[in-house]
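**Q** Take a look at this one; I'll ask things after.
The values are calculated or read from the model by the stated rules, or taken from the named source; none is laboratory data. From a predicted model like this one, the values you see are computed outputs, not experimental measurements. Note that we place each Cβ from the backbone using ideal geometry, even for glycine, and neighbour counts take in every protein chain shown.
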(Lines give C-alpha, C1' and ligand atoms only; values in the text may rest on other atoms or scores of the structure.)
Protein backbone atom coordinates (compact mmCIF):
# COMPACT_ATOMS: atom_id res chain seq x y z
CA UNK A 1 0.00 0.00 0.00
CA UNK A 2 1.39 3.39 -1.01
CA UNK A 3 1.77 6.37 1.30
CA UNK A 4 -1.23 8.41 -0.06
CA UNK A 5 -3.56 5.41 0.27
CA UNK A 6 -2.37 4.86 3.83
CA UNK A 7 -3.04 8.49 4.71
CA UNK A 8 -6.50 8.32 3.14
CA UNK A 9 -7.25 5.23 5.18
CA UNK A 10 -6.27 7.03 8.37
CA UNK A 11 -8.34 10.10 7.44
CA UNK A 12 -11.46 8.01 6.69
CA UNK A 13 -11.21 5.97 9.88
CA UNK A 14 -14.57 6.33 11.62
CA UNK A 15 -13.58 4.37 14.74
CA UNK A 16 -11.49 7.11 16.28
CA UNK A 17 -11.42 7.43 20.06
CA UNK A 18 -11.09 10.92 21.53
CA UNK A 19 -9.08 11.68 24.64
CA UNK A 20 -9.34 14.65 27.01
CA UNK A 21 -6.31 14.84 29.32
CA UNK A 22 -8.03 17.26 31.74
CA UNK A 23 -10.46 14.53 32.75
CA UNK A 24 -7.63 12.59 34.38
CA UNK A 25 -8.01 14.81 37.44
CA UNK A 26 -11.23 13.03 38.47
CA UNK A 27 -10.96 9.70 36.60
CA UNK A 28 -7.50 8.82 37.87
CA UNK A 29 -5.85 7.49 34.71
CA UNK A 30 -5.72 7.80 30.93
CA UNK A 31 -7.49 4.49 30.37
CA UNK A 32 -10.29 5.49 32.77
CA UNK A 33 -10.79 8.77 30.90
CA UNK A 34 -11.04 7.00 27.55
CA UNK A 35 -13.46 4.43 28.97
CA UNK A 36 -15.67 7.13 30.51
CA UNK A 37 -15.83 9.01 27.19
CA UNK A 38 -16.96 5.86 25.39
CA UNK A 39 -19.53 5.12 28.09
CA UNK A 40 -20.95 8.64 27.66
CA UNK A 41 -21.03 8.13 23.87
CA UNK A 42 -22.87 4.80 24.20
CA UNK A 43 -25.21 6.20 26.86
CA UNK A 44 -26.32 9.14 24.70
CA UNK A 45 -26.70 7.06 21.51
CA UNK A 46 -28.85 4.51 23.37
CA UNK A 47 -31.33 7.17 24.41
CA UNK A 48 -29.81 7.67 27.89
CA UNK A 49 -30.80 4.15 28.91
CA UNK A 50 -28.62 1.27 30.16
CA UNK A 51 -26.75 -0.64 27.49
CA UNK A 52 -24.80 -3.91 27.51
CA UNK A 53 -21.24 -4.40 26.34
CA UNK A 54 -18.98 -7.46 26.35
CA UNK A 55 -15.45 -7.26 27.69
CA UNK A 56 -13.87 -9.53 25.07
CA UNK A 57 -14.95 -11.50 22.00
CA UNK A 58 -17.03 -14.51 23.03
CA UNK A 59 -19.52 -17.09 21.76
CA UNK A 60 -22.57 -15.36 23.20
CA UNK A 61 -25.54 -15.18 20.80
CA UNK A 62 -25.86 -11.41 21.35
CA UNK A 63 -22.21 -10.75 20.56
CA UNK A 64 -21.31 -9.03 17.29
CA UNK A 65 -17.89 -8.86 15.72
CA UNK A 66 -15.94 -5.80 16.86
CA UNK A 67 -18.51 -4.85 19.52
CA UNK A 68 -16.51 -5.42 22.71
CA UNK A 69 -14.43 -3.11 24.88
CA UNK A 70 -11.17 -4.88 24.03
CA UNK A 71 -11.82 -4.55 20.28
CA UNK A 72 -13.14 -0.99 20.47
CA UNK A 73 -10.48 0.48 22.78
CA UNK A 74 -7.58 -1.94 22.39
CA UNK A 75 -7.50 -2.65 26.14
CA UNK A 76 -6.42 -5.91 27.67
CA UNK A 77 -8.69 -7.54 30.23
CA UNK A 78 -6.53 -6.29 33.08
CA UNK A 79 -6.39 -2.73 31.73
CA UNK A 80 -10.17 -2.71 31.26
CA UNK A 81 -10.87 -3.94 34.79
CA UNK A 82 -8.41 -1.42 36.29
CA UNK A 83 -9.95 1.50 34.39
CA UNK A 84 -13.51 0.36 35.19
CA UNK A 85 -12.76 0.09 38.90
CA UNK A 86 -11.65 3.74 38.92
CA UNK A 87 -14.89 5.18 37.53
CA UNK A 88 -17.56 2.51 38.01
CA UNK A 89 -19.19 0.55 40.83
CA UNK A 90 -20.72 -2.92 40.64
CA UNK A 91 -24.39 -2.91 41.66
CA UNK A 92 -27.41 -5.21 41.60
CA UNK A 93 -29.13 -3.38 38.76
CA UNK A 94 -29.55 0.02 40.39
CA UNK A 95 -27.63 3.29 40.07
CA UNK A 96 -24.86 4.09 42.54
CA UNK A 97 -25.16 7.78 43.51
CA UNK A 98 -21.45 8.15 44.35
CA UNK A 99 -19.94 6.44 41.29
CA UNK A 100 -19.75 7.94 37.82
CA UNK A 101 -20.83 4.68 36.18
CA UNK A 102 -22.73 1.68 37.49
CA UNK A 103 -22.58 -1.78 35.93
CA UNK A 104 -24.15 -5.16 36.66
CA UNK A 105 -24.58 -8.60 35.09
CA UNK A 106 -27.90 -10.24 34.37
CA UNK A 107 -28.90 -13.89 34.20
CA UNK A 108 -28.05 -13.95 30.48
CA UNK A 109 -24.38 -13.10 31.33
CA UNK A 110 -24.59 -9.62 29.81
CA UNK A 111 -22.79 -6.69 31.44
CA UNK A 112 -25.00 -3.60 31.55
CA UNK A 113 -23.76 -0.03 32.05
CA UNK A 114 -25.57 3.08 33.30
CA UNK A 115 -24.20 6.61 33.52
CA UNK A 116 -24.71 8.81 36.58
CA UNK A 117 -25.21 12.09 34.74
CA UNK A 118 -25.39 14.25 37.86
CA UNK A 119 -22.06 12.96 39.19
CA UNK A 120 -20.37 13.37 35.79
CA UNK A 121 -21.70 16.93 35.32
CA UNK A 122 -20.60 17.81 38.85
CA UNK A 123 -17.03 16.74 38.10
CA UNK A 124 -17.03 18.44 34.70
CA UNK A 125 -18.16 21.74 36.20
CA UNK A 126 -15.01 21.75 38.32
CA UNK A 127 -12.89 21.66 35.15
CA UNK A 128 -15.12 23.74 32.85
CA UNK A 129 -16.71 26.48 35.02
CA UNK A 130 -19.96 28.00 33.75
CA UNK A 131 -19.43 30.87 31.32
CA UNK A 132 -23.02 32.01 30.64
CA UNK A 133 -26.24 31.66 32.61
CA UNK A 134 -29.56 30.64 31.17
CA UNK A 135 -28.22 28.21 28.55
CA UNK A 136 -29.36 24.61 28.90
CA UNK A 137 -27.06 21.66 28.54
CA UNK A 138 -23.42 21.09 29.22
CA UNK A 139 -22.33 22.61 25.91
CA UNK A 140 -24.20 25.84 26.73
CA UNK A 141 -22.96 26.15 30.31
CA UNK A 142 -19.37 25.07 29.74
CA UNK A 143 -16.73 25.85 27.18
CA UNK A 144 -16.39 22.28 25.93
CA UNK A 145 -14.94 21.31 22.55
CA UNK A 146 -17.58 19.99 20.15
CA UNK A 147 -15.53 17.19 18.69
CA UNK A 148 -12.19 15.97 17.36
CA UNK A 149 -11.97 18.87 14.88
CA UNK A 150 -12.12 21.43 17.70
CA UNK A 151 -9.55 19.51 19.71
CA UNK A 152 -7.23 19.35 16.68
CA UNK A 153 -7.66 23.11 16.08
CA UNK A 154 -6.89 23.91 19.71
CA UNK A 155 -3.80 21.69 19.66
CA UNK A 156 -2.63 23.25 16.39
CA UNK A 157 -2.97 26.77 17.80
CA UNK A 158 -1.10 25.80 20.95
CA UNK A 159 1.63 24.15 18.86
CA UNK A 160 2.02 27.33 16.78
CA UNK A 161 2.27 29.47 19.92
CA UNK A 162 4.87 27.18 21.47
CA UNK A 163 6.85 27.16 18.21
CA UNK A 164 6.88 30.98 18.12
CA UNK A 165 7.98 31.14 21.76
CA UNK A 166 10.73 28.59 21.14
CA UNK A 167 11.96 30.54 18.11
CA UNK A 168 12.04 33.80 20.08
CA UNK A 169 13.87 32.14 22.97
CA UNK A 170 16.37 30.60 20.54
CA UNK A 171 17.08 34.00 18.97
CA UNK A 172 17.51 35.62 22.39
CA UNK A 173 19.85 32.82 23.46
CA UNK A 174 21.95 33.30 20.32
CA UNK A 175 22.18 37.04 20.93
CA UNK A 176 23.13 36.53 24.57
CA UNK A 177 25.70 33.93 23.54
CA UNK A 178 27.27 36.30 21.02
CA UNK A 179 27.45 39.10 23.61
CA UNK A 180 29.01 36.78 26.18
CA UNK A 181 31.54 35.49 23.64
CA UNK A 182 32.52 39.03 22.63
CA UNK A 183 32.93 40.10 26.25
CA UNK A 184 34.98 36.99 27.04
CA UNK A 185 37.24 37.53 24.04
CA UNK A 186 37.82 41.16 24.98
CA UNK A 187 38.64 40.19 28.56
CA UNK A 188 41.15 37.54 27.51
CA UNK A 189 42.76 39.82 24.96
CA UNK A 190 43.10 42.76 27.38
CA UNK A 191 42.90 41.37 30.94
CA UNK A 192 42.68 43.99 33.70
CA UNK A 193 45.74 44.80 35.80
CA UNK A 194 44.05 43.71 39.05
CA UNK A 195 43.42 40.25 37.59
CA UNK A 196 47.09 39.87 36.61
CA UNK A 197 48.25 40.97 40.06
CA UNK A 198 45.88 38.50 41.73
CA UNK A 199 47.25 35.62 39.67
CA UNK A 200 50.83 36.58 40.48
CA UNK A 201 50.06 36.78 44.20
CA UNK A 202 48.51 33.28 44.13
CA UNK A 203 51.55 31.84 42.37
CA UNK A 204 53.91 33.49 44.87
CA UNK A 205 51.88 32.21 47.83
CA UNK A 206 51.87 28.66 46.48
CA UNK A 207 55.65 28.82 45.92
CA UNK A 208 56.22 29.96 49.51
CA UNK A 209 54.02 27.19 50.90
CA UNK A 210 55.89 24.59 48.87
CA UNK A 211 59.30 25.77 50.15
CA UNK A 212 58.11 25.82 53.77
CA UNK A 213 56.81 22.29 53.50
CA UNK A 214 60.10 21.11 52.07
CA UNK A 215 62.10 22.80 54.88
CA UNK A 216 59.98 21.46 57.78
CA UNK A 217 59.42 18.01 56.38
CA UNK A 218 61.47 15.23 58.12
CA UNK A 219 64.16 13.55 56.09
CA UNK A 220 62.89 10.54 54.25
CA UNK A 221 64.59 7.33 55.47
CA UNK A 222 66.55 5.15 53.17
CA UNK A 223 64.74 2.24 51.55
CA UNK A 224 66.19 -0.53 53.75
CA UNK A 225 65.79 1.54 56.92
CA UNK A 226 62.16 2.25 55.98
CA UNK A 227 61.51 -1.47 55.53
CA UNK A 228 62.98 -2.25 58.94
CA UNK A 229 60.91 0.51 60.53
CA UNK A 230 57.69 -0.83 59.02
CA UNK A 231 58.62 -4.36 60.04
CA UNK A 232 59.19 -3.33 63.67
CA UNK A 233 56.01 -1.30 63.70
CA UNK A 234 53.60 -3.84 62.27
CA UNK A 235 55.40 -7.06 63.26
CA UNK A 236 56.79 -6.49 66.78
CA UNK A 237 57.27 -10.22 67.34
CA UNK A 238 59.91 -10.57 64.62
CA UNK A 239 63.62 -9.86 65.09
CA UNK A 240 65.98 -7.77 63.10
CA UNK A 241 66.85 -10.53 60.61
CA UNK A 242 63.34 -11.86 60.17
CA UNK A 243 63.61 -14.53 62.87
CA UNK A 244 60.85 -14.72 65.46
CA UNK A 245 62.02 -13.76 68.92
CA UNK A 246 62.06 -16.56 71.39
CA UNK A 247 59.78 -16.00 74.31
CA UNK A 248 61.70 -15.87 77.56
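**Q** Could you please find all residues in the range 77-122 being closer than 18 Å to residue 19 by Cα and out of contact with any helix residue (DSSP H, G or I) (no Cβ under 6 Å at 6 or more places or on another chain)?
**A** Matches in the range 77-122: 82, 84, 120, 121.
**Q** Is one or more of the residues making up the range 51-66 within 25 Å of the chain's Cα centre (by Cα), surrounded by 14 or more Cβ atoms within 10 Å (Cβ to Cβ) and over 13 Å from residue 17 (Cβ atoms)?
**A** First, pick out the residues of the range 51-66 that are within 25 Å of the chain's Cα centre (by Cα): none.
Scanning the range 51-66 turns up no residue that is within 25 Å of the chain's Cα centre (by Cα), surrounded by 14 or more Cβ atoms within 10 Å (Cβ to Cβ) and over 13 Å from residue 17 (Cβ atoms).
Let's see how each residue does on (1) closer than 27 Å to residue 128 by Cα; (2) at pLDDT 90 or above; (3) out of contact with any strand residue (DSSP E or B) (no Cβ under 9 Å at 6 or more places or on another chain):
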site	(1), (2), (3)
36	yes, yes, no
48	yes, yes, no
54	no, yes, no
66	no, no, yes
93	no, no, no
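**Q** To continue, here is another question. So which of 18, 2 is at pLDDT below 90 and outside the structural domain of residue 110 (by TED's automatic domain parsing)?
**A** Values: 18 fails: outside the structural domain of residue 110 (by TED's automatic domain parsing).
After applying the criteria, what remains is 2.
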